[in-house]
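To keep things clear, I will list the structure first and then write my remarks on it.
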Amino acid sequence: MRPGVVSPQSDVRHTPGDAPPPHSTFGSLRIRNYRLFFTGQVISNIGTWMQRIAQDWLVLTLTGSAAAVGITTALQFLPMLVFGLYGGVLVDRLPKRPLLVFTQSAMGATGLALGVLTLTGEVQVWHVYATAFVLGLVTVVDNPARQTFVSEMVGPDQLSNAVSLNSANFQSARLVGPAVAGVLIGAVGSGYAFVFNGLSFVAPIAALLLMRTSELRQVERTPRGRGQLREGLRYVAGRPELLWPIVLVGFIGTFGFNFAIWLTAFTHTVFHSGAQTYGLLNALLAAGSLAGALLAARRGTSRLRMLVAAALVFGLLEIVAALTPSFWLFALVLIPIGMFGLTVNVTANSSIQMATDPAMRGRVMALFMMVFTGGTPIGAPLVGWITDTYGPRVGFAAGGAVSALAAVVIGLILTRIAGLRLRELRASAIWREVVNPEPAHHDSVPSNVAAAATERARSRTPVAA
């Protein structure tokens, strides 16, 4: 058995009564450990969204600059860009549950620190910058750990469902958090939103401590050794069904997901409104994202053609939103933008996880998160500068144009250059072959869909000199 591959014995941890229906929208919630995890994350995610709204609005209040909001966002995601792959190596080596207890505690502490500074009237913009950077450092480990821990709570048949429900969880909190934050900021200021976020991390920490470790699927941890980071990069580079989706979400994450910049700028500059309007726009974006997450949870598979199509529509809708003349039309277009943006995220996330060997999953998901969120330090200041210089409409349209163009180009690469047939490349089939490879053929011929696709790509694509 390969290191890190879940054995058939360890993969059967639940009684028949615990096994969820394969296509139930909320099937993963029948598993006790995942239900605890999900509940804790609901509370924590509400606090996280409250802090995001309060942080952006505080920076805009202190500086009056959309570029400063972009710098704050960039600092929060810069550690992921620089150290993201090292975080994945650590996640593959360390037990994930105690690791998450540590990271969630540290994230709660950053919220409380910023809350105290704000409530005492001592906060300055560099405090927000510093807090954002520290939070980013913790996220380097926390993000891939949370992403990959899901597979230890649920089985392969429920992984796609659980990933989608995690996104639905996050987007549900996005409906509540901005609305509460908008009211709270208008009534008593940003400080209490930061304090609530810090205290909200008590819920996921308690959930992690209450889990039954005997019901977690056992995945062999990768032993310490040299060259593990390069090994992860080579692993992705040799698999087009992993490489090109990661490249696509990198472009979209860098240029298409700068909503903190665009929505603050539209609220402040175009619509001449306040924090309540900003919270409303975020809530509408979240409503669309929630719908996209629930639709993804209902689907049993994650297909690359869905990823490419959703990315194209997402970019085109951003261009449409940038050109809308009225507030309410702009607000309504945010709903489908949220839906297709979330579809891109969930489809890429679940298809990549299911196509990856468990021993490599931490490093692969760290790379996925690194390019998806780590590109923000590059994109956010650039988009912020374009928004400040040429106006919010031009900034929003530029982000949408880059996203749409990336979808077209990578869609052509997947279908013509890499030789992948999008109708055949179903992530659930790839997962089954990775977890249970046929021993008679494993070492002799590529038996899974991913390997077959790679072989087709190599045979059809000339090797560059």
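The values are calculated or read from the model by the stated rules, or taken from the named source; none is laboratory data. Note that the coordinates shown come from a computational prediction; the quantities given were computed from them, not determined experimentally. All Cβ positions, even for glycine, are placed from backbone atoms using ideal geometry, and neighbour counts span all protein chains on display.
Among the residues in region 143-153, are any surrounded by fewer than 23 Cβ atoms within 10 Å (Cβ to Cβ) and over 21 Å from GLN41 (Cβ atoms)? So far as region 143-153 goes, no, none of its residues is surrounded by fewer than 23 Cβ atoms within 10 Å (Cβ to Cβ) and over 21 Å from GLN41 (Cβ atoms). When restricted to residues that are crowded, with 24+ Cβ neighbours inside 10 Å and either of a type in the set (Lys, Arg) or within 17 Å of LEU75 (Cα to Cα) (or both), region 255-270 contains 5. Picking from residues in region 45-73 that are among the small types (Gly, Ala, Ser) and buried (at least 24 other Cβ atoms within 10 Å of the Cβ), the one that is farthest from VAL154 (Cα to Cα) is ALA66. The residue that is farthest from ARG146 (Cα to Cα), among those in region 8-41 that are surrounded by fewer than 20 Cβ atoms within 10 Å (Cβ to Cβ) and modelled with pLDDT of 90 or more, is ARG32. Within region 228-245, if we keep just the residues that are among the hydrophobic types (A, V, I, L, M, F, W, C) and either farther than 17 Å from TYR86 by Cβ or modelled with pLDDT under 80 (or both), the residue that is surrounded by the most Cβ atoms within 10 Å (Cβ to Cβ) turns out to be LEU242. The residue that is modelled with the lowest pLDDT, counting only those in region 374-394 that are closer than 13 Å to PHE257 by Cβ and crowded, with 24+ Cβ neighbours inside 10 Å, is GLY374. Restricting attention to region 80-99, which residues are surrounded by fewer than 17 Cβ atoms within 10 Å (Cβ to Cβ) and either in contact with a Lys or Arg (Cβ under 6 Å, 6 or more places away or on another chain) or among the charged types (D, E, K, R) (or both)? The answer is ARG93, and nothing else.
If you check PHE372, PHE396 for being farther than 15 Å from LEU248 by Cβ and in a helix (DSSP H, G or I), only one passes: PHE396.
Test GLY315 against the stated conditions and say whether it is crowded, with 24+ Cβ neighbours inside 10 Å and closer than 28 Å to VAL183 by Cα.
Taking the combined requirement at face value, the residue does not satisfy it.
Per-residue answers, yes or no, for (1) in a helix (DSSP H, G or I); (2) closer than 22 Å to VAL180 by Cα; (3) in contact (Cβ under 8 Å) with a residue 12 or more places away in the chain; (4) more than 20 Å from the chain's Cα centre (by Cα):
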| residue | (1), (2), (3), (4) |
| --- | --- |
| ARG234 | yes, no, no, yes |
| LEU243 | yes, no, no, no |
| PHE251 | yes, no, yes, no |
| THR254 | yes, no, yes, no |
| ALA260 | yes, yes, yes, no |
| THR264 | yes, yes, yes, yes |
| LEU281 | yes, yes, yes, yes |
